[in-house]
Amino acid sequence: MSAASTPVKAVLFDRDGTLVHDVPYNGDPDRVRPVEGAREAVALLREHGVRVGVVTNQSGVARGLISDGDVRRVNRRVDDLIGPFDVWAVCPHGPDDGCHCRKPEPGMVLWAAGRVCAGPADCVVVGDIGADMEAAERAGAHGILVPNDRTRPEETAAAPHVAPDLLTAVRAILDGPPRGRVLADEWPIGAAYGPDPEGGGPRAAGPADGPGSGSATIPPATAPGHGVFAPGAGRAVDDRPGRLT
């Protein structure tokens, strides 16, 4: 599929837990480990002319646990292993700093979309927690959740779209904005995503639930630093171990 035939112009990934295995407050490039399929997923998007970027909370800077330089070095390592990415948006603030950029605020999504000359409605945000999905929704972008072992069940249930892995998410994106509740290459997989929100226990996907049916109902980089985004009212705080970025 050519870039001209898909309305998705950019995909913005969360970093920790989505592109690379989550190492809390990581300042060591040698500890960067891509998740399975990350390289292939990003390469597939670039092959189809879709811009790629990263939007990442890094509150370890505000907490004094890592420096701006540490974040830049880790980001360069991610670029080397998975990228290159067209844009990096980094929020170095803490949960009480009252910024517009820290997810679930939409600032980073809006800023990154502007940097790659894409409207938010032409962007997809791919992440592993609810804050990623809320930031996408508030920015006017699409959101796809790729759950891992730290994703809360209620976050999976609330996500607008869910994919079992990055490659599945990307293949769905290449067909246009995501359609359907659960995205998959092969069906049925619905029961893996929890109970039917209508009630009645786990729901098995049927033939009509395939990709694109819309009927599934189961659940150049920028340096990090202060001053990129204007301060504003903060939102929810994610306080689970390892997800404090």
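Rounded to the nearest 5, the antiparallel percentage of DSSP beta bridges internal to region 1-156 is 5%.
Need the full-extension length gain, E36 to H48, defined as separation in residues times 0.36 nm minus the C-alpha distance. One decimal, nm.
That works out to 2.3 nm of additional length.
Model label sites at D97 and D79, defined 7 Å from Cα along the beta-carbon direction, differ in position by 2.1 nm. When each of the peptides 45-51, 129-135 is scored by how many other beta carbons lie within 10 Å of its residues on average, the order from highest to lowest is 129-135, 45-51. Along the axis of the charge dipole computed for region 95-145 (Cβ charges of +1 for Lys and Arg, -1 for Asp and Glu, origin at the Cα centre), the listed residues V126, H100, A112 are led at the positive end by A112. Across the accessible surface of region 30-93, with the other protein chains kept in place and a 1.4 Å probe, carbon and sulfur atoms take up 39 percent.
The values are calculated or read from the model by the stated rules, or taken from the named source; none is laboratory data. Note that the structure is a prediction, hence the values are computed from the model and not measured. Using ideal geometry, Cβ is built from the backbone for each residue, glycine included, and neighbour counts are taken over all protein chains shown. Each accessible area value is taken on the protein alone, full model and side chains, heavy atoms only, with ligands, DNA and RNA left out. Shrake-Rupley method; radii C 1.70, N 1.55, O 1.52, S 1.80 Å.
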